[in-house]
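Worksheet for the structure shown next.
Nothing in this text is a laboratory measurement; each read-out follows from the coordinates by a stated rule. These figures come from a predicted structure and were not determined experimentally. Using ideal geometry, Cβ is built from the backbone for each residue, glycine included, and neighbour counts are taken over all protein chains shown.
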Amino acid sequence: MFDTIVRNARLPDGRAGVDVACRDGRIVRIAPAIEGDSGTVVDAGGHLVAPPFVDPHFHMDATLSLGLPRLNVSGTLLEGIALWGELKPRLTADAVIERALRYCDLAVAQGLLAIRSHVDVSTAPLVGVEALLEVRRRVAPHIDLQLVAFPQDGLFRAPEAEANLIRALDMGVDVVGGIPHFERTMADGAASVVRLCEIAADRGLPVDLHCDETDDPLSRHVETLAAETTRLGLGSRVVASHVTAMHSYDNYYATKLIPLIAESGMHVVPNPLINITLQGRSDTYPRRRGLTRVAELRAAGVNVAFGQDCTMDPWYPLGGADMLDVAHMAVHAVPMTSREAMEWAFHSVTLGGAAAMGLPDPTLREGGPASMVVLQARDPIEAVRLRATRLAVIRDGRILSRTPPRIAALSLPDRPGTLDPATYSPPTGETT
């Protein structure tokens, strides 16, 4: 007896026509035509069944606050931070909870079942922390929500930031955060990295720093973060987020730095939608794209996992909890259009994000977690190309969401390059 069977699935590893049988929150069997009773049957119809999406970098305390108290006219990071500073004194726990829960509803429908959210701890009272701790409790059956104590105004620059960060950790926040490039001096920024890593080491916690989110080629705090990660043995507990200054580093320095990042064992989380929107704003032409050196980091063996960062807040007026949108933008912005790289972009918002968050391996396998998304696509590349409809979202063997298929979804044949427009007809149920 199974709790749930997903029938006629295609898996990311290329297997097709298989059933996935689930019991007690685990996958117990993957094979063609599994026999046995099941409380719930999901017909994947030959579509892709993949691990849930993961967002390793988000700001849930600010989400859906677009226009409060006004709009970001310049579109810059600094005006966004200033706007957030105007909004913070007006925040109430109820308002933060209401917006965050609306976002989480959307996330579940998009198959996004793990999120790491930074929450501002620069000033007291810690309204955002209190609110998101309550949100974390409420969404626990559906979403793995990690919280990062984030001193948005600088650990040393904001007078009470360190005390507030410690208090937030004592309240149950999961991860130590920071923003070294926003300190008053480069020296203060480097010192903040050392202090934050030592706090994390003392408490046995992960570290996730907004690192060098700037166009300044002299902002090099990720170097200090790599050194501290190695010195303290923090390894895979550390994430360097954004790291946009790396797109402006000269090649000699980058070739020295990237092996140090790889040696440390830390992860790098770029945020393509936001990085290419906020960076390069002071450039005329040529204008920098503002995205870190993804290909070089990958080649060095660094786990690169894309994040969403923002949705309808002081920094970004768009967004929709769609990690395929993030992967799709990354393919264009890096750019990376080989079939290997496009498939990797899909895995970066599933497997890569889970690794960056320190979550169990979500690969669909016997004995693994029975959490998955049925996508209206035949493989990971097509899922990214179409930003495929989430036909069903399943967590621990329970169906959380269903969405009707899109009618117009042109699929290519199994072997790229074999399409004959004169004879090709879409698969049953699809139209061109």
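Just a few scattered comments:
- In terms of its C-alpha gyration tensor, the stretch 53-356 has a rounded overall shape, because the principal axis ratio a/c (a ≥ b ≥ c, square roots of the eigenvalues) stays below 1.5.
- Around H57: net Lys/Arg minus Asp/Glu count, Cβ-Cβ under 12 Å: -3
- Residues V326, V331, arranged from fewest to most other Cβ atoms within 10 angstrom of their Cβ, appear as V331, V326.
- Gaussian network model of the chain, Cα within-10 Å springs - most flexible of E223, E130, E86: E86
- Relative contact order (%) - criterion: Cα under 8 Å, at least six apart; region: the chain: 19 percent
- Relative exposure of K88, K256, judged by other C-beta atoms within 10 Å (fewest first): K256, K88
- Once backbone amide H atoms are built at 1.01 Å from N, R23 has D3, V28 as its partners under 5 Å, excluding neighbours fewer than 5 places away on the same chain.
- Added length on full extension, which subtracts the Cα-Cα distance from 0.36 nm per residue, R137 to D188: 14.8 nm
- Net charge over other residues, Cβ less than 13 angstrom from the Cβ of V193 (K, R count +1; D, E count -1): -4
- Dipole magnitude for the chain: computed about the Cα centre from +1 point charges on Lys and Arg Cβ and -1 point charges on Asp and Glu Cβ, it is near 560 debye.
- Selected from V302, V73, V269 as most flexible by GNM, with the chain as the system and alpha-carbon contacts under 10 Å: V73
- Were the residues from D37 through Y252 laid out at 0.36 nm apart, the gain over their Cα-Cα distance would be 71.2 nm.
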